[in-house]
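Reviewing the structure listed below.
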Amino acid sequence: MSNDNQKRTYASNAVLYAVFVIGAVVLLNLIGTRVFGRVDLTENRIYTLSQPSKDLVKNLPDYLSVKAFISADLPPELKAVSRYVRDLIDEYKTSSRGKFRWEAIDPGGDKKLEEEATRCKVQKLQIQVLRSQKFELGSYYLGLCLEYGEKVESIPQVARPEGLEYQITSLIKQMTQKKRKVAFATGHGEAETAQGFQSLKDDLGHEFEITTVNPSSAEIGADVDALVIGGPKQAIDEKGQKEIDKFLMRGGGAVMLIDGMAMTSPGGGGGMEQMQIKMGQANETGLGPLLAAYGFKVGQDFVFDAQAMPGPVDVGGRRMLANAPMFLGAEMDERKDLSIVQGIKGAVFPYASSVELTGPLQSGRPEKGKLWRLAASSKGSWKHTGFFILNPKMDFSESRDKGAKGPFALGYAYEGPLKSAFAPAAAVSSPDGSPSESKKPVRLVVIGDSDFANDEYVQLARFLPFYQAGAQLLFNAISWTIEDEALTPLRAKTLSPRPITISSDTKAMALQWANIVGLPMAFCLFGLVRWRIRRTNRLGQKL
């Protein structure tokens with residue numbers, strides 16, 4: 001074969017190859033405009049729309065419109081967030097059946113569009129940007145407006161991608177579905193959203209209708225889906241107990257946070273800013289017989305643990321964070337079939353009491369229901385009973401030597417039938433006419449602590465982020481109890497750091513040099529080997 005023919009053959013092959021590559025790229029782009037897909041390698045699949053969100057927009061009863069107000073001249077700091085917003089909303093649209101519509105709007109200097117953004121409560125983001133080697137304060141639009149019929153909701157500013165899917169999906173759910181009702185018990189020193197659980201008030205309000213009820217003086221309404229008893233400090237009388245029992249027998253769910261012992265301050269108050277003498281003493285809630293009938297016993301004790309977490313204590317006349325055995329850092333039991341612990345690896349339980357199984361649940365394996373242990377103390381834990389005044393110099397070794405050794409369960413979740421605590425064993429119904437057994441399987445959560453989600457300790461998340469898990473645990477428990485768990489996985493869908501664990505300085509230095517020198521050298525070596533192979537192939541050709 002002549003050199004000219006060989007060159008023409010190579011040239012035609014190269015042209016044909018280029019045509020095929022260009023055609024493949026064009027075909028892939030055409031397919032990409034019609035089929036949405038993404039490879040998401042993050043642990044929580046933060047960049048992929050969750051199935052609950054897809055199901056929600058897939059079953060929209062009517063048209064929902066989203067206006068994304070996005071400035072065209074966003075700085076680099078917000079460009080990536082803007083792309084994430086567009087891709088995420090595109091996924092919502094792709095997952096719907098044509099009833100989810102959206103458009104991107106750049107208000108620019110258009111006063112009418114700016115007025116529309118203001119009407120939708122979308123606000124400008126003000127951030128410092130580096131321009132011409134100096135920092136300037138810039139104002140940009142990056143927010144969402146959702147419209148469904150006459151309802152209008154907004155996410156005024158989107159500064160980061162974390163939590164955005166939960167915000168959007170919860171707003172869609174709020175606008176398109178009727179809220180379930182959650183009642184917080186009052187009248188016996190319980191914590192509720194007005195006092196004690198205020199940090200949860202706004203988040204709970206987005207998903208559920210919140211109300212309060214004193215079971216000792218009023219009936220729990222038929223429209224209530226779940227009841228939360230948040231750590232009563234006075235005994236609930238028989239009337240209140242019967243009302244709670246009646247609610248459960250009709251199939252309602254309940255979250256019972258019961259302190260076997262209470263840590264109280266004579267002067268009231270609390271928080272990091274105030275110093276208060278803390279006294280531990282037995283707590284009479286009056287719910288012992290009721291819980292025993294259902295299969296639970298909350299001990300009148302504190303569970304102390306050698307693996308203590310930092311908590312607020314008074315030291316030398318000053319309040320500070322210090323490790324104390326009454327602050328339990330408990331690892332959550334992994335349960336793939338239980339949404340309560342989804343996304344929660346551990347939580348802090350301050351002044352927790354032990355929870356034991358008794359009566360119908362003593363075996364730990366109910367015949368007609370399911371039982372899950374939520375969390376437990378470590379093997380180095382023990383029980384402390386009896387009155388005491390908390391003192392940072394207090395020696396707990398005596399109670400440690402005498403008390404039973406851990407681990408101790410701190411809470412359980414149960415799903416299944418319940419028998420009434422007030423109906424005779426052989427009776428079909430109780431004397432007041434209520435059924436002796438629940439009409440349907442009941443979801444019941446019993447935890448021997450109410451402080452883990454209390455504002456006094458959740459606010460410590462500013463300094464110790466793991467305290468935030470307490471509020472999330474209670475939120476998840478309420479959602480599970482009410483059988484409305486669709487948004488639970490979305491609350492845990494955040495970007496989490498995954499640091500490399502290095503055991504020694506030598507390994508750290510080796511890893512550093514491997515990144516600085518090793519990777520470039522490997523790339524150069526690959527190029528050299530590739531060049532040698534191609535050179536050898538050319539020299540081996542026969543004319």
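Just so you know, in the range 460-489 the residues that are small (Gly, Ala, Ser) and in a helix (DSSP H, G or I) include one that is farthest from Glu209 (Cα to Cα), and it is Ala461.
For the range 177-186, a tally of residues being more than 21 Å from the chain's Cα centre (by Cα) and at pLDDT below 95 returns 2. Among strands (runs of 3 or more DSSP E) entirely within the range 219-264, having at least 3 residues that are modelled with pLDDT of 95 or more and either over 25 Å from Gly470 (Cα atoms) or touching a helix residue (DSSP H, G or I) at 6+ places or on another chain (Cβ under 9 Å) (or both) singles out 226-230, 253-257.
I need every pair where a residue in the range 205-219 that is farther than 21 Å from Ala235 by Cα has its Cβ under 6 Å from the Cβ of a residue that is surrounded by 15 or more Cβ atoms within 10 Å (Cβ to Cβ) and of a type in the set (D, E, K, R), sequence separation at least 6 or different chains. Qualifying pairs under 6 Å: Phe208/Lys179; Phe208/Arg180; Glu209/Lys179; Glu209/Lys181. Scan the range 356-386 for residues that are touching a residue at least 12 places away in the same chain (Cβ under 8 Å) and more than 24 Å from Met261 (Cα to Cα) and the total you get is 6.
The values are calculated or read from the model by the stated rules, or taken from the named source; none is laboratory data. Values in this document were obtained by computation on a predicted structure and should not be read as measured data. Methodologically, a virtual Cβ is constructed for each residue, glycine included, from the backbone with ideal geometry; neighbour enumeration extends over all protein chains shown.
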